[in-house]
Amino acid sequence: MFDINTIPEIIETATKLAIANEASAKRAISVLDLTSLNDDNTIEKIEALCQRAQTPAGNTAAICVYAPFIETSWKTLGKSGIKTATVVNFPKGDKAAQRVADETADAVAAGADEVDLVMPYQAFLAGDHDGSAEVIAATRQACGPFMTLKVILETGEYPDAKAIYDAARLAISNGANFVKTSTGKVATGATPEAAIAMIAAIRDAKAEQNLDCGFKASGGVRNTQDAALYLAIADHMMGADWATPATFRFGASSVLTDLLKTCGFGDSNTPSGAGNY
Ligand SMILES: O=C[C@H](O)COP(=O)(O)O
């Protein structure tokens, strides 16, 4: 069972373990969902994003785009092996279950490999756990059994780490393949405290329910040092070989520039004027 009092100790240990070097930058690139969720996206910008995901330090795990760009993404990514992720019920998490299921079915039909769902966090925080579970389960069903479903908790809006832990347990029980911290659209994105609560939920769901789930840190992950700290938290809590693209992701729009710089590539892989799609 999760003990909230262990958080400072875990952060202290992980901070000592976190090293912002080339190895951790390369590892972060391999688990990165390179994200562009801006209102001014265009086909050309998403094509450039897909090119950028194929970096001189290795491919990212996925790109994450709004639904109208799913087809552009998978066509541009071709046989690179990089997945196309999209978002549903985004960013407020306030749509009815049937509407979210329809949105998900459309994303699947358009060729998305992965769906990032905003859980009805406001309803959850108001005590409506059944309503939240219904939306997650409906999305799981629309995805089918094999598609990767990431459930965004929007942890910056929660009163404490215990509420984050409880929301993560609810998401995992209802079919999440990943629990993800944030949309990037509210003031507070990923934090080490939220990561620890969510990874504790992942660990407990495995031990108590034999359910497998991964973790995605998103929102405000800006540099190699940030990435190294989240990887060190996962290594410390789950073991050094746990975090792979199947279990761990970063969702970030701008971290790639610093990760490449750490790998010695400067801005050479950054198209002019880009860096924050
Ligand atoms: O899912 C990822 C977030 O939308 C990206 O947030 P960011 O722009 O703070 O990196």
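Pairs, please: C-beta under 6 Å, at least 6 apart or cross-chain, first residue among the aromatic types (Phe, Trp, Tyr) and in the range 153-180, second assigned to a strand (DSSP E or B)?
That search, which allows pairs on different chains as well, returns PHE178/LYS150; PHE178/GLY214; PHE178/LYS216.
If you go through the range 61-86, how many residues are farther than 18 Å from ALA28 by Cα and outside any loop (DSSP other than H, G, I, E, B)? Steps first, answer last, please.
We begin by selecting, within the range 61-86, every residue farther than 18 Å from ALA28 by Cα; these are 65-79, 86.
With the extra rule that they be outside any loop (DSSP other than H, G, I, E, B), the set shrinks to 65, 67-77, 86.
Matching residues across the range 61-86 total 13.
ASP106: out of contact with any Gly (no Cβ under 7 Å at 6 or more places or on another chain), buried (at least 24 other Cβ atoms within 10 Å of the Cβ) and closer than 19 Å to ILE70 by Cα, yes or no? Give the derivation first.
Details: out of contact with any Gly (no Cβ under 7 Å at 6 or more places or on another chain): yes; buried (at least 24 other Cβ atoms within 10 Å of the Cβ): no; closer than 19 Å to ILE70 by Cα: yes.
For ASP106, the condition - out of contact with any Gly (no Cβ under 7 Å at 6 or more places or on another chain), buried (at least 24 other Cβ atoms within 10 Å of the Cβ) and closer than 19 Å to ILE70 by Cα - is not met.
Which of the following residues is surrounded by 13 or more Cβ atoms within 10 Å (Cβ to Cβ), over 22 Å from the mean Cα position of the chain (by Cα), touching a residue at least 40 places away in the same chain (Cβ under 8 Å) and closer than 21 Å to PHE215 by Cβ: ILE4, ILE11? Let's see the steps before the verdict.
Working: ILE11 fails: over 22 Å from the mean Cα position of the chain (by Cα).
Sole residue among the options that is surrounded by 13 or more Cβ atoms within 10 Å (Cβ to Cβ), over 22 Å from the mean Cα position of the chain (by Cα), touching a residue at least 40 places away in the same chain (Cβ under 8 Å) and closer than 21 Å to PHE215 by Cβ: ILE4.
Name every residue in the range 171-208 that is assigned to a helix (DSSP H, G or I), crowded, with 21+ Cβ neighbours inside 10 Å and within 16 Å of the ligand (Cβ to nearest atom), in order of residue number. Spell out how you get there, then give the answer.
First pass over the range 171-208, keeping only residues assigned to a helix (DSSP H, G or I): 171-173, 192-208.
Checking which are crowded, with 21+ Cβ neighbours inside 10 Å leaves us with 171-172, 194-202.
Once the filter is applied, which keeps residues that are assigned to a helix (DSSP H, G or I), crowded, with 21+ Cβ neighbours inside 10 Å and within 16 Å of the ligand (Cβ to nearest atom), the range 171-208 yields ALA171, ALA194, ALA195, MET198.
Looking at LEU153, LEU231, which one is within 14 Å of the chain's Cα centre (by Cα) and either more than 16 Å from the ligand (Cβ to nearest atom) or basic (Lys, Arg) (or both)? Steps first, answer last, please.
Working: LEU153 fails: either more than 16 Å from the ligand (Cβ to nearest atom) or basic (Lys, Arg) (or both).
None of the other options fit; the residue is LEU231.
This table checks each residue for (1) at pLDDT 95 or above; (2) more than 18 Å from ALA176 (Cα to Cα); (3) in contact with an Asp or Glu (Cβ under 6 Å, 6 or more places away or on another chain); (4) surrounded by fewer than 24 Cβ atoms within 10 Å (Cβ to Cβ).
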{"position": "ASP40", "(1), (2), (3), (4)": "yes, yes, no, yes"}
{"position": "ILE63", "(1), (2), (3), (4)": "yes, yes, no, no"}
{"position": "THR76", "(1), (2), (3), (4)": "yes, yes, yes, yes"}
{"position": "ALA97", "(1), (2), (3), (4)": "yes, no, yes, yes"}
{"position": "SER132", "(1), (2), (3), (4)": "yes, no, no, no"}
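Let me spell it out: the conditions are (1) more than 17 Å from SER253 (Cβ to Cβ); (2) without any contact (Cβ under 8 Å) to a residue 24 or more places away in the chain; (3) not small (Gly, Ala, Ser), and THR42 meets all of them except one. Which number is the exception?
(1)
Going by the conditions given, is ALA217 among the aliphatic types (A, V, I, L, M), at pLDDT 95 or above, touching a Ser or Thr at 6+ places or on another chain (Cβ under 6 Å) and within 15 Å of the ligand (Cβ to nearest atom)? Even if it seems obvious, please write down each step before you answer.
Working: among the aliphatic types (A, V, I, L, M): yes; at pLDDT 95 or above: yes; touching a Ser or Thr at 6+ places or on another chain (Cβ under 6 Å): yes; within 15 Å of the ligand (Cβ to nearest atom): yes.
In short, yes.
Report yes if PRO120 is farther than 18 Å from GLY93 by Cβ and either surrounded by 17 or more Cβ atoms within 10 Å (Cβ to Cβ) or over 19 Å from the mean Cα position of the chain (by Cα) (or both), otherwise no.
Details: farther than 18 Å from GLY93 by Cβ: no; either surrounded by 17 or more Cβ atoms within 10 Å (Cβ to Cβ) or over 19 Å from the mean Cα position of the chain (by Cα) (or both): yes.
It is false that PRO120 is farther than 18 Å from GLY93 by Cβ and either surrounded by 17 or more Cβ atoms within 10 Å (Cβ to Cβ) or over 19 Å from the mean Cα position of the chain (by Cα) (or both).
Tell me the residue from LYS16, LYS26, LYS45 that is within 16 Å of the ligand (Cβ to nearest atom) and surrounded by fewer than 20 Cβ atoms within 10 Å (Cβ to Cβ), please.
On the way: LYS16 fails: within 16 Å of the ligand (Cβ to nearest atom); LYS26 fails: within 16 Å of the ligand (Cβ to nearest atom).
None of the other options fit; the residue is LYS45.
Given the conditions (1) in contact with a helix residue (DSSP H, G or I) (Cβ under 9 Å, 6 or more places away or on another chain); (2) buried (at least 22 other Cβ atoms within 10 Å of the Cβ); (3) not in a helix (DSSP H, G or I), report the number of the one that ASP33 does not fulfil.
For ASP33, the exception is condition (1).
Before we move on, is GLU114 at pLDDT 95 or above, within 16 Å of the ligand (Cβ to nearest atom) and acidic (Asp, Glu)?
Judged against the criteria, GLU114 is a match.
Out of (1) part of a helix (DSSP H, G or I); (2) under 20 Å from the mean Cα position of the chain (by Cα), what's the single condition that is false for ASP130?
(2)
The values are calculated or read from the model by the stated rules, or taken from the named source; none is laboratory data. This is a predicted model, so every value here is computed, not measured. For neighbour counting, all protein chains shown are included, and Cβ atoms are generated from backbone atoms with ideal geometry for every residue, glycine included.
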